[in-house]
Amino acid sequence: TTNMTSPQSNDWFEAAWAEREDDVYVSDFGSIGPGIYPLDTDVFKRLGANAVDPRWLMIGAFESPPNEQRNNWAYVTSGLSNAWEADSPTPDGWSGLGVEVLIQCKSQCAWALALVRNLAAYQLMLATGQFGERDTLGCWDRTGVGAPIDFDKSEMKALLFVPAPHFGGIRQIASGKFEYLQ
């Protein structure tokens, strides 16, 4: 279980965060949209959180529109790969939880943005033991979402996580490695 409660104030940490959003994400997705949609305490309350680390409220998701590289909308978390607990960068190791969650849709979908934010909160709660001894989500894991995936009429109520087919492979930032969990 990852402890996500120690303070972080190193310049390398901020540089790694900026590198992910300004370099890696722009290279992978093009425009990352109008800005980040941060997690809020309501997301955690809906999932039954017994504690919310204030740093979690700096994590969020981007809504990236289609562009010349791809013809779909990409919804991607930012912050799960923050190396909150590291005293120094570990370029050869995994940064933070080592993943960022990605959903791709043929059209702009409010439900996809809400779902990716919920998955980020769920992953953080898993990492801190708020669901017992369950591991964080990884490739080939399945999970139910407790309702239709679009929060409306969809018959899909579960997810299977795969390596991102169009964005596969490990990404490197100053604090370590991460990969997309789609």
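Go through segment 110-127 residue by residue and tally those that are more than 17 Å from ALA83 (Cβ to Cβ), crowded, with 20+ Cβ neighbours inside 10 Å and either among the aromatic types (Phe, Trp, Tyr) or touching a strand residue (DSSP E or B) at 6+ places or on another chain (Cβ under 7 Å) (or both).
Adding up the residues that qualify gives 8.
Do the conditions hold for PHE44, that is, is it out of contact with any strand residue (DSSP E or B) (no Cβ under 6 Å at 6 or more places or on another chain) and within 17 Å of THR136 (Cβ to Cβ)? Don't jump to the end; show me each part of the working.
On the way: out of contact with any strand residue (DSSP E or B) (no Cβ under 6 Å at 6 or more places or on another chain): yes; within 17 Å of THR136 (Cβ to Cβ): yes.
Yes.
Name the residue, out of SER64, SER107, that is touching a strand residue (DSSP E or B) at 6+ places or on another chain (Cβ under 7 Å), open to solvent by 60 Å² or more (accessible area, probe 1.4 Å) and either at pLDDT below 95 or over 21 Å from ASN10 (Cα atoms) (or both).
On the way: SER64 fails: open to solvent by 60 Å² or more (accessible area, probe 1.4 Å).
From the options SER64, SER107, the qualifying one is SER107.
Restricting to segment 27-61, what's the tally of residues that are assigned to a helix (DSSP H, G or I), closer than 24 Å to ASN72 by Cβ and open to solvent by 70 Å² or more (accessible area, probe 1.4 Å)?
Residues flagged as assigned to a helix (DSSP H, G or I), closer than 24 Å to ASN72 by Cβ and open to solvent by 70 Å² or more (accessible area, probe 1.4 Å) within segment 27-61 amount to 1.
Answer yes or no as to whether CYS139 is surrounded by fewer than 21 Cβ atoms within 10 Å (Cβ to Cβ) and either closer than 18 Å to ARG55 by Cβ or free of Cβ contacts under 8 Å to residues at least 40 places away in the same chain (or both). Walk me through it before giving the result.
Working: surrounded by fewer than 21 Cβ atoms within 10 Å (Cβ to Cβ): yes; either closer than 18 Å to ARG55 by Cβ or free of Cβ contacts under 8 Å to residues at least 40 places away in the same chain (or both): no.
For CYS139, the condition - surrounded by fewer than 21 Cβ atoms within 10 Å (Cβ to Cβ) and either closer than 18 Å to ARG55 by Cβ or free of Cβ contacts under 8 Å to residues at least 40 places away in the same chain (or both) - is not met.
I'd like the residue in segment 155-179 that is of a type outside the set (A, V, I, L, M, F, W, C) and in contact (Cβ under 8 Å) with a residue 24 or more places away in the chain and, out of all such residues, is farthest from VAL99 (Cα to Cα). Lay out the reasoning, then the answer.
At the first step, the residues of segment 155-179 found to be of a type outside the set (A, V, I, L, M, F, W, C) are 155, 157, 163, 165-166, 168-169, 171-172, 175-177, 179.
The next check asks that each one be in contact (Cβ under 8 Å) with a residue 24 or more places away in the chain; those that pass are 163, 166, 171-172, 175-177, 179.
Working: PRO163: 10, HIS166: 15, ARG171: 10, GLN172: 11, SER175: 13, GLY176: 11, LYS177: 8, GLU179: 5 Å.
The extreme case among them is HIS166.
For segment 67-99, what are the residues that are among the small types (Gly, Ala, Ser), in contact with a strand residue (DSSP E or B) (Cβ under 9 Å, 6 or more places away or on another chain) and open to solvent by 20 Å² or more (accessible area, probe 1.4 Å)? Walk me through it before giving the result.
At the first step, the residues of segment 67-99 found to be among the small types (Gly, Ala, Ser) are 74, 78-79, 81, 83, 86, 88, 93, 95-96, 98.
From what is left, the residues that are in contact with a strand residue (DSSP E or B) (Cβ under 9 Å, 6 or more places away or on another chain) are 74, 78-79, 81, 83, 86, 93, 95-96, 98.
ALA86, GLY93, GLY96 - these are the residues of segment 67-99 that are among the small types (Gly, Ala, Ser), in contact with a strand residue (DSSP E or B) (Cβ under 9 Å, 6 or more places away or on another chain) and open to solvent by 20 Å² or more (accessible area, probe 1.4 Å).
So ALA18 clears everything in (1) over 23 Å from LEU119 (Cβ atoms); (2) part of a loop (DSSP other than H, G, I, E, B) except one condition, right? Which one?
All conditions are met except number (2).
The values are calculated or read from the model by the stated rules, or taken from the named source; none is laboratory data. The structure presented is a predicted model; accordingly, all values stated were derived computationally and were not measured. Quick reminder, even Gly has a Cβ in these numbers, built from the backbone with ideal geometry, and neighbours come from all protein chains shown. Side chains are part of the model used for accessible areas, which takes the heavy atoms of the whole protein and leaves out ligands, DNA and RNA. Shrake-Rupley method; radii C 1.70, N 1.55, O 1.52, S 1.80 Å.
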